[in-house]
Amino acid sequence: MVRGTAGLLLALLLAPFLVLMTSGSASAVTVMCLPKADETACIASTMGSRAEPIAGVDVILTAPDGTEQRVTTGDDGKWSFEITETGDYVVSADAKTLPDGFELENETVDVKVDQLGKSFGAILQLRSEDYSAETSKVDELIQSTVNGLRLGLLLALASVGLSLIYGTTGLSNFAHAEQVTLGGIMGYFFVNQWGLPLWLGGICVVVFCAGTGYFQDRGLWQPLRRRGLGLTQMMIVTIGLSLALQYTYQLVVGARTVRVVQDNPEVSTFGPVTITHQSIVAMVISVVVLSAVGFALLRTRVGRATRAVSDNPALAMASGIDTDKVIRLVWTVAMGLAGLSGILYALVVNGIKWDSGLQILLLLFAAVTLGGLGTAFGALLGALIIGLVVELAPVFGMPGDFKYATALLILILLLLVRPQGLLGKPQRVG
Amino acid sequence: MDNIQLILNGMMREMLSPGTAAVAIAVIGLNIHFGFTGLLNMGQAGFMLLGAYGMGISVWHGLPFAVGILFGLGAALIFALILGVPTLKLRGDYLAIVTISAAEIIRYVGRSSLLTDFTGSAQGIPGSQYSDPFRSVAFWPFTGGGSWVLLPFNYHDVADGAVWVRLLGWAIAIGAIASLVYLLRSGDKFSGVARNGLVVLLVVFSVFLLLFLFPLDYQKVGVNGWWLRFVAWTLVAVCCFIVYLLVRSPWGRLLRGIREDEDAIRSLGKNVFAIKMQALIIGGLFGALGGMVYVLASSVQPDSMGRTLTFFCYTALLLGGAATIFGPVLGTIMFYVGRAFIFQASRAYVPDSILNTQEAAFFSYIVVGVALMLLVIFRPQGVLGDKRELRFNV
Amino acid sequence: MSEHTINPSGLADPAARAALVGGFEATPGASKPDSILVVDNIVRQFGGMTAVDVQHLEVQRGLITALIGPNGAGKTTFFNLITGFDRPTSAGKGAHWAFDGRTLDKTSASSVARAGMVRTFQLTKALSRMTVIENMMLGAQDQAGENLFKSMFRPTWRAQERAIEAKADDLLGRFKLYEKKYDYAGSLSGGQRKLLEMARALMSDPKMIMLDEPMAGVNPALTQSLLGHIQSLRDEGMTVLFVEHDMHVVRHISDWVAVMAEGRLVAEGSADTVMSDPAVIDAYLGAHHDTDLGDDALLSEEHMQELAEEVAAEDAEREAEEEAEGLR
């Protein structure tokens, strides 16, 4: 029974990938400048954001003596100049090469190079051309809301699993983020390196990640539970696993950003909202899969068993539920969801790095805690709220650097008033 | 032989480095949180970063060095209060999530380009901006310029540094350290003047022997010289002593009681919240102090004090043995020396085509992660911990 | 406080106790001549379900009062509420309770203990990874060495520490735990842990000790000695309030009995009176209306077993309901 439903669930997880079909092609790699001590310095930065880099922009560097140099940004939006003299430099960009509908927020950036052997940053901020305080505020709000929903849905995929694991085993899994990264990196291998079509690669990624979940529980977590290892110790085991995985990724793919598909994403504009096609597909997949998981939890026998185990493992076991089987299934599905979240994330932000998962780990924890530790639907709600907060914070005047900090701050403030989270139930003492 | 000497030299440098001492101080603080009180502080790196910023920013902006230290400690104190008030009444996991989040918030704020004038944003504050006053207070025998081999008499002076001299020396050193560990593990935890005297004697002997075998050459008061090493390791010793005084007292007994069962302690009329808060603050102050030492040899880099550093602290603590006096120090040394060994050995014996320098570093961290897992599963009491204290699953 | 303060030592005499108790009214919430604990209007709800709703209760100083009731009657929750481990839903809406003349409405668990009302727990909270003597010494109040700043200077607390240890040795001897002094508490048997917990509570010289099911999980041989200890505490002038669902035990040692069912106080009286009270029989037995609980013949092992099973089945049902309530 459990197995049959697991199969059904897996099929539901994978089906939406059939929707996604794109092909890959090769791209140029930008050579980055590396400063040498006492010889050269670098002035470098990224056009756009790491998530949405802007390629093909001519960046102009004016040296103190008035000479000019030009470079064109690569696919990753990066540009760099190597210089051999200290002094005051000025960086600007050729407006003609900017993508349509964009303009520079600051025409030039001054860079003071006071010593060689270092890298200096110079951020050329882009904004929409029709930028004007009155009208664009609303547009910006709508655009950010869409971005927030997109982030929230991706977070939800991972955090529902995190929450289910917490609910059924009491474990806060710090290695969950690495499973998200694993999804993206396996996407890179399956699709980019080994040339599978995206939909097939996606299915392979989810199956692979779900498999890691199955074997992790079988080989690691279940034996540890049997040993009676305390939850705190188990949590530290997940930290060790997380460290080992992070550096394994660095060993395998290095510290660079890898991409699942090579071409630049196509963009559609609906009114004020500009969004890549991959984002749309990712959002659709997320909604379908999350609904499937929700349906399974509420309506199927195994889903009810899972909720029973989260609620009271001893009682569940007494009433004839095989808790070990349920937990095994939870690990499998949770890791599959994390992998799916990872490959979608890699597609949406167009690249994945060894620490991409680490970047969102805290957002995942925030989502799970916000919704109420151990409640799957709480995690879903929490993830959407966190996603929206992260993307909307800059619209309401929070400096961009602080958008993640805002989400975490809200979490801390919420714990002050409602420690059990939004959907959690208050604890009984004694 | 040369390869081995090279590897051992690298390990020795890592062992004596101020960074190791700094992390040891932070781990001593973490031991108060996690080892004695059972508080899951996942933001020790945040305390370190606050200490470093407190000192770095104030000295950079012209305040005296002592004031800088006070600012660093004050920042950690306020941070502990802010974190403790909402979470210390809740279940342990909440403290973990809130501390790790708050530490990240500090890092994000420190990185922010809006605060470049204060924090130097992601580039950080270069050490040259704040470490001069520290070096200017160096006293004899550290005054004067130049570099210095701490122990002028070394293995080169005995039989021309023949192989047998070194092998014998290494054997004695291993013996001394092993008996030190044996001594620390044996007997009752907090008793015996003679035993403590012997421990101190063995530590001194081992240090001299190691310096004899590995003549290291550093500047006297340079950015990364003997003066900083002297201060850092003296602080480690002082911190150990303070913790020893604290945990053998009834206050320390309360901490362990809270670790076992808060409600029981509450039912005995103790103000559990206040005690936990005190523990959080004390451990956090140690963290801040560690952070200050950590940056004196380098620069205040927000990204070098992120979650990973906290995780390293936990590894070191569990390695040495939680809820022991010397466990944090031994664990930190073992952690860094062990990592240096893996790194140096794979540099020396694995060809570049398989593992280049950077990959060797990654590899050493993978080993760290796996070691942490195995340690927690198979030897949760670490090297020095009391097995009986961890035998019962509560 | 009442005028009729009775010299506690006089209560070691059973006849004096019988005379005193004989003067109490046998109705729920009856007033007592010298009550040490007075509770008014305590309500605690979980979700929609009312776990505790006690309108008025007084506990007489110097006696052993038993709080009985079937499982799930809200006894432990009531304990948690008055000892500060839980907050009544009615807090600020008329809930009021006082211990020895001191209002406890807003007092934390630790202050309740400091006021002289110390409790134990149903699931024993011995600190397993600490030694027996460390457990004991934690119980002492007002230790200078527990102050963070003084703790670093041994001379400020050494003398007090010795005095406390002597007192702990004394109590350990009395509870026959002295040989275990340096053992880890986790290595003790269930009954020994109960004894340790009780001895630890006594380290603080409480005026009143509250025992939550002291007999649960204790082997029969130890039960007798536990009962003896409880009685001798009373004979030394301490007030004892204990929760129990085993009527047999209650009859044996308690001077006064209060009965709870479904969160409410349904009866009060001497052991014999309450056991023939129809409300109590109703609460315990449901359908078995025609039987007399006081009839010892009825309390044969077999019969008790049967009753226990029935009660357990009802409890499980109630718990399941509660669980379902909590879910929403």
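Exactly one residue among C:Thr89, C:Thr107 is hydroxyl-bearing (Ser, Thr, Tyr), under 16 Å from B:Leu268 (Cα atoms) and in a loop (DSSP other than H, G, I, E, B), and that residue is C:Thr107.
Here's the yes/no breakdown for (1) over 25 Å from the mean Cα position of the chain (by Cα); (2) in a loop (DSSP other than H, G, I, E, B); (3) within 8 Å of chain B (Cβ to nearest Cβ):
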site: C:Thr124; (1), (2), (3): no, yes, no
site: C:Leu127; (1), (2), (3): no, yes, yes
site: C:Met136; (1), (2), (3): no, no, no
site: C:Ala140; (1), (2), (3): no, yes, no
site: C:Gln160; (1), (2), (3): yes, no, no
site: C:Ala163; (1), (2), (3): yes, no, no
site: C:Ala168; (1), (2), (3): no, no, no
site: C:Leu172; (1), (2), (3): no, no, no
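Tallying residues that are surrounded by fewer than 18 Cβ atoms within 10 Å (Cβ to Cβ), assigned to a loop (DSSP other than H, G, I, E, B) and touching an Asp or Glu at 6+ places or on another chain (Cβ under 8 Å) within region A:51-89 yields 4. Here are the criteria: (1) surrounded by 12 or more Cβ atoms within 10 Å (Cβ to Cβ); (2) free of Cβ contacts under 8 Å to residues at least 24 places away in the same chain. Tell me which single one B:Arg185 does not satisfy. Condition (2) is where B:Arg185 drops out.
Any idea which residue in region A:212-223 is surrounded by the fewest Cβ atoms within 10 Å (Cβ to Cβ), counting only those that are touching a residue at least 24 places away in the same chain (Cβ under 8 Å) and more than 14 Å from every other protein chain (Cβ to nearest Cβ)? This residue is A:Arg218.
Within region B:72-166, which helices (runs of 4 or more DSSP H) (wholly inside it) include 3 or more residues that are farther than 18 Å from B:Val293 by Cβ and in the same structural domain as B:Val207 (by TED's automatic domain parsing)? Fully inside region B:72-166 and qualifying: nothing.
Test A:Leu337 against the stated conditions and say whether it is away from chain B (no Cβ under 14 Å), under 24 Å from A:Leu196 (Cα atoms) and buried (at least 23 other Cβ atoms within 10 Å of the Cβ).
Working: away from chain B (no Cβ under 14 Å): yes; under 24 Å from A:Leu196 (Cα atoms): yes; buried (at least 23 other Cβ atoms within 10 Å of the Cβ): yes.
It is true that A:Leu337 is away from chain B (no Cβ under 14 Å), under 24 Å from A:Leu196 (Cα atoms) and buried (at least 23 other Cβ atoms within 10 Å of the Cβ).
Residue check: is A:Asp58 outside the structural domain of A:Pro197 (by TED's automatic domain parsing) and modelled with pLDDT of 80 or more? Spell out the reasoning first.
On the way: outside the structural domain of A:Pro197 (by TED's automatic domain parsing): yes; modelled with pLDDT of 80 or more: yes.
Judged against the criteria, A:Asp58 is a match.
For region C:142-152, the candidate set comprises residues that are assigned to a loop (DSSP other than H, G, I, E, B) and within 8 Å of another protein chain (Cβ to nearest Cβ); within that set, the residue that is farthest from the chain's Cα centre (by Cα) is C:Met152.
If you take the residues of region C:101-120 that are more than 7 Å from every other protein chain (Cβ to nearest Cβ) and in contact with a helix residue (DSSP H, G or I) (Cβ under 7 Å, 6 or more places away or on another chain), which of them is modelled with the highest pLDDT? Across region C:101-120, the extreme among qualifying residues is C:Thr120. Look at region A:224-235: where a residue is more than 7 Å from every other protein chain (Cβ to nearest Cβ) and assigned to a helix (DSSP H, G or I) and a partner is open to solvent by 20 Å² or more (accessible area, probe 1.4 Å) and not aliphatic (A, V, I, L, M), sitting 6+ places away or on another chain with Cβ atoms under 7 Å, you get A:Leu231/A:Gly170. Does at least one position in region A:398-406 carry a residue that is within 30 Å of C:Ala51 (Cα to Cα) and within 10 Å of chain B (Cβ to nearest Cβ)? No, because not a single residue in region A:398-406 is within 30 Å of C:Ala51 (Cα to Cα) and within 10 Å of chain B (Cβ to nearest Cβ).
Can you tell me which residues in region B:188-206 are among the aliphatic types (A, V, I, L, M) and either modelled with pLDDT of 85 or more or open to solvent by 70 Å² or more (accessible area, probe 1.4 Å) (or both)?
Filtering region B:188-206 for residues among the aliphatic types (A, V, I, L, M) gives B:193-194, B:198-204.
Listed by number, the residues that qualify are B:Val193, B:Ala194, B:Leu198, B:Val200, B:Leu201, B:Leu202, B:Val203, B:Val204.
Scanning region C:92-140 for residues that are polar (S, T, N, Q) and open to solvent by 40 Å² or more (accessible area, probe 1.4 Å) gives C:Thr103, C:Ser108, C:Gln122, C:Thr124.
Would you mind stating whether A:Val390 is part of a loop (DSSP other than H, G, I, E, B), over 29 Å from C:Arg44 (Cβ atoms), more than 10 Å from chain B (Cβ to nearest Cβ) and of a type in the set (A, V, I, L, M, F, W, C)?
Working: part of a loop (DSSP other than H, G, I, E, B): no; over 29 Å from C:Arg44 (Cβ atoms): yes; more than 10 Å from chain B (Cβ to nearest Cβ): yes; of a type in the set (A, V, I, L, M, F, W, C): yes.
Answer is no for this residue.
Got a sec? Which helices (runs of 4 or more DSSP H) wholly within region B:295-394 have at least 3 residues that are more than 14 Å from every other protein chain (Cβ to nearest Cβ) and open to solvent by 40 Å² or more (accessible area, probe 1.4 Å)? Spell out how you get there, then give the answer.
On the way: elements: B:307-320, B:327-349, B:357-378, B:387-391.
So the answer is B:327-349.
Could you grab me the full set of residues in region B:316-356 that are touching a residue at least 24 places away in the same chain (Cβ under 8 Å) and of a type in the set (Ser, Thr, Tyr)? Those that are touching a residue at least 24 places away in the same chain (Cβ under 8 Å) and of a type in the set (Ser, Thr, Tyr): B:Thr324, B:Thr332, B:Tyr336, B:Tyr349.
When only residues in region B:127-144 that are closer than 14 Å to B:Tyr53 by Cβ and buried (at least 18 other Cβ atoms within 10 Å of the Cβ) count, which is modelled with the lowest pLDDT? Don't jump to the end; show me each part of the working.
Step one: list which residues in region B:127-144 are closer than 14 Å to B:Tyr53 by Cβ, which gives B:127, B:129-130.
With buried (at least 18 other Cβ atoms within 10 Å of the Cβ) added as a condition, the list becomes B:127, B:130.
Values: B:Gly127: 86, B:Tyr130: 89.
Ranking the candidates gives B:Gly127 first.
Which of the residues that make up region B:73-105 are open to solvent by less than 60 Å² (accessible area, probe 1.4 Å) and either more than 9 Å from chain A (Cβ to nearest Cβ) or touching a His at 6+ places or on another chain (Cβ under 7 Å) (or both)?
So the first thing to find is which residues in region B:73-105 are open to solvent by less than 60 Å² (accessible area, probe 1.4 Å), and the list is B:73-76, B:79-80, B:83-84, B:86-88, B:90, B:92-105.
B:Leu73, B:Gly74, B:Ala75, B:Ala76, B:Phe79, B:Ala80, B:Gly84, B:Leu88, B:Leu95, B:Thr99, B:Ala103, listed by residue number.
The values are calculated or read from the model by the stated rules, or taken from the named source; none is laboratory data. Quick caveat, the model's predicted, so the values are computed rather than measured. A quick note on method: Cβ atoms are made from the backbone with ideal geometry, for glycine too, and the neighbour counts reach across all protein chains shown. Ligands, DNA and RNA are excluded from the accessible area calculation, which covers all protein heavy atoms including side chains. Shrake-Rupley method; radii C 1.70, N 1.55, O 1.52, S 1.80 Å.
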